[in-house]
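Asks: Handing you this structure, nothing more for now.
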Amino acid sequence: MTRVAVVGAGSWGTALGNLLAQRGHTVTLWAHEPEVAQEINTRHRNDVFLSEAPLHASLRATTDVAEAVRGAPVVVSAAPSHAVRAVMARASSALAPDALVISASKGLEADGLKRMTEVLDEVLTPGARVVALSGPTFAREVYEGQPTACTAAGAAEAARQAQHVLSSSAFRVYTSDDVVGVELGGALKNVVAIAAGIAEGLGLGSNPRAALITRGLAEITRLGVAMGAKPLTFAGLAGMGDLVLTATGPQSRNRSLGVELGRGVPLETVLARRVSVAEGVATARAAVALGERARVELPIAVEVAQVLFHGKSPRQAIGALMERSLKSEAAA
């Protein structure tokens, strides 16, 4: 067993921290909010982000990110994607020279269109070994100990180390060397999940949802391959697995956001009601920009961005997808 720092005390970071503590690791959780750190330390709870979930008694929290990571052989980066650069840059000076850094945030950086491991490679000191963790993983179900499988992608030795640190009887980690595919699958599925939620909010049925998921996977794969990913990755846990979960599961923040949009609730109102981040909102804009840069068609991402940022009605967006020029399924 080893010392592990988990940077980010949202629902996902808290669930991972609790899992690691149950595994016997010594875990320090960094929380942005002082009240969250205090509640974890005094009541062994995090009711802001993971309510009604008593936490392992050994789990402790701090609001000092350098204190959290100092000397820890393993660091889990679980802050929201828009905060990863700033938070992990503050942590960098205290990081152990050869630390294993497991990136558990799913998203793309809005400004530079960077994947999270690319951000970490830029802000961490040389020597840190970075692995991407992704797959169909609702935080609540991981906390509950429901059987879960996901993928750790990186250099072989680092990926295997992450696999052994995280794996338990209820949390199975596979390894992969396709960092690009694993990260893009984890980020872009949130955009498709918003689209599936929009369809549900409009009162549409199972046919359109299946079409959106299937064609969403096709465009995620197209972009991924254009960026150097392996096609088979998108048929696995970090591709199809995570997409199906997020586009259909009742705990999906991105799907539920889409449902509200489909029912006519303005985006600003939806976001104001939420504590946790729906990563697909920022990722939609980044996905469209990546598609343009790679010259890859992403019709679903484009329509989601039109609804989110340009005032297009959800019903018009669905119509635009259905009325595109007719093509071979294999071609587009």
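Asks: Which residue is surrounded by the most Cβ atoms within 10 Å (Cβ to Cβ), if the candidates are limited to the stretch 285-328 and must be of a type in the set (D, E, K, R) and touching a residue at least 24 places away in the same chain (Cβ under 8 Å)?
Replies: Glu303
Asks: Checking the structure you have, find out if any residue of the stretch 75-86 is modelled with pLDDT of 95 or more, in contact with a helix residue (DSSP H, G or I) (Cβ under 7 Å, 6 or more places away or on another chain) and over 28 Å from Leu113 (Cβ atoms).
Replies: No, the stretch 75-86 contains no residue that is modelled with pLDDT of 95 or more, in contact with a helix residue (DSSP H, G or I) (Cβ under 7 Å, 6 or more places away or on another chain) and over 28 Å from Leu113 (Cβ atoms).
Asks: Further question: Could you tell me which of the residues Ala79, Ala110 is in contact (Cβ under 8 Å) with a residue 40 or more places away in the chain, in a loop (DSSP other than H, G, I, E, B), buried (at least 19 other Cβ atoms within 10 Å of the Cβ) and not assigned by TED's automatic domain parsing to the domain that holds Val277?
Replies: Going through Ala79, Ala110 in turn, just one is in contact (Cβ under 8 Å) with a residue 40 or more places away in the chain, in a loop (DSSP other than H, G, I, E, B), buried (at least 19 other Cβ atoms within 10 Å of the Cβ) and not assigned by TED's automatic domain parsing to the domain that holds Val277: Ala79.
Asks: Sort out which residues of the stretch 141-197 are within 23 Å of Val75 (Cβ to Cβ) and polar (S, T, N, Q), and write them in order of number.
Replies: Passing the criteria: Thr148, Thr151, Gln161, Gln163, Ser167, Ser168, Thr175, Ser176.
Asks: So Thr221 clears everything in (1) in contact (Cβ under 8 Å) with a residue 60 or more places away in the chain; (2) polar (S, T, N, Q); (3) within 24 Å of Arg293 (Cα to Cα) except one condition, right? Which one?
Replies: (1)
Asks: Separate question: Please go through the stretch 115-135 and give me each residue that is surrounded by fewer than 22 Cβ atoms within 10 Å (Cβ to Cβ) and either assigned to a strand (DSSP E or B) or out of contact with any strand residue (DSSP E or B) (no Cβ under 7 Å at 6 or more places or on another chain) (or both), ordered by number.
Replies: Glu118, Glu122, Val123, Thr125, Pro126, Gly127, Arg129, listed by residue number.
Asks: Follow-up. Just need a number here: residues in the stretch 235-252 that are in a helix (DSSP H, G or I) and touching a Ser or Thr at 6+ places or on another chain (Cβ under 6 Å).
Replies: The number of residues fulfilling the criteria is 4.
Asks: Sort through Val265, Val304, Val277, Val296 and tell me the only one that's in a helix (DSSP H, G or I) and assigned by TED's automatic domain parsing to the domain that holds Gly186.
Replies: Exactly one residue qualifies, and that residue is Val304.
The values are calculated or read from the model by the stated rules, or taken from the named source; none is laboratory data. All values reported here derive from a predicted model rather than from experimental measurement. Please note: Cβ atoms are built from the backbone with ideal geometry, for glycine as well, and neighbour counts cover all protein chains shown.
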